[in-house]
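Encoded as structure tokens, the structure appears first; notes follow it.
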Amino acid sequence: MKDSEKRYRVYEYMRDNKEITEEMSNTKKIILKLMNNDKQTEEYCNKKILEEKQEIEEAMIGEHYHENMTKREILINEISQYIYWQTLLAVSKKIKYEDFDGENKIEEILKKVDIKKIEETKLITVNEVILHDLEQMKNKEYLKKVIV
């Protein structure tokens, strides 16, 4: 299984696992609200997608900052967050992994990156963004057993 599929399956696991509660996971809470057609939550997710897209644009030219992060790490983080919100919408609608095509969404962003503008020489890869997200997930106690 590719890392991108593993990442998507973890979100499906969170959606479907009754042992993961809304109190444990804000992600679960958002997915459940979306599944109940909560328009306010859907608007919030769409707003977050636009915000993250703007932050990606700023990070691409080195104008978006996070303490203790390199420009490369910031850009990877922002792309990850942008895909996160799209993933929540897709998983809540039970869109299949194959139909979501997260790798292509990430690739489209990376095509626009001029790596020199963030003082880098090595291109950022799709898998780097996906692995960043999986690393974040490993920090969640309730996901440790599914992410190895």
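In loop segments of the range 10-43 as defined by DSSP, the trypsin sites (Lys or Arg not before Pro) with at most 10 further C-beta atoms inside 10 Å of their C-beta are LYS18.
Pairs spanning more than 31 Å between alpha-carbon atoms, out of LYS93/LYS140; LYS47/LYS71; LYS39/LYS71; LYS47/LYS94; LYS33/LYS96: LYS39/LYS71. Phi angles across the range 96-108 convert, under the Karplus curve 6.51 cos²θ - 1.76 cosθ + 1.60 with θ = phi - 60°, into 3J(HN,Hα) values of 5, 3, 4, 8, 6, 6, x, 4, 5, 4, 5, 4, 4 Hz, Gly and Pro given as x.
Applying 1/(1 + (r/R0)^6) with r as the Cβ-Cβ distance of LYS116 and LEU50 and R0 = 41 angstrom yields a FRET efficiency of 0.95. Helix 26-35 versus the longest principal axis of the chain: what is the Cα-based angle in degrees, 0 to 90, to the nearest 10? Tilt of helix 26-35: around 60 degrees.
Computed from Cα atoms, the angle from the helix 71-92 axis to the main principal axis of the chain rounds to 30 degrees.
Derived from the Cα gyration tensor, the three semi-axes of the equivalent ellipsoid of the range 3-142 are 27, 15, 14 Å, largest first.
Throughout, read-outs are computed from the coordinates displayed, never taken from laboratory work. Everything quoted here is computed from the prediction, not taken from an experiment. A quick note on method: Cβ atoms are made from the backbone with ideal geometry, for glycine too, and the neighbour counts reach across all protein chains shown.
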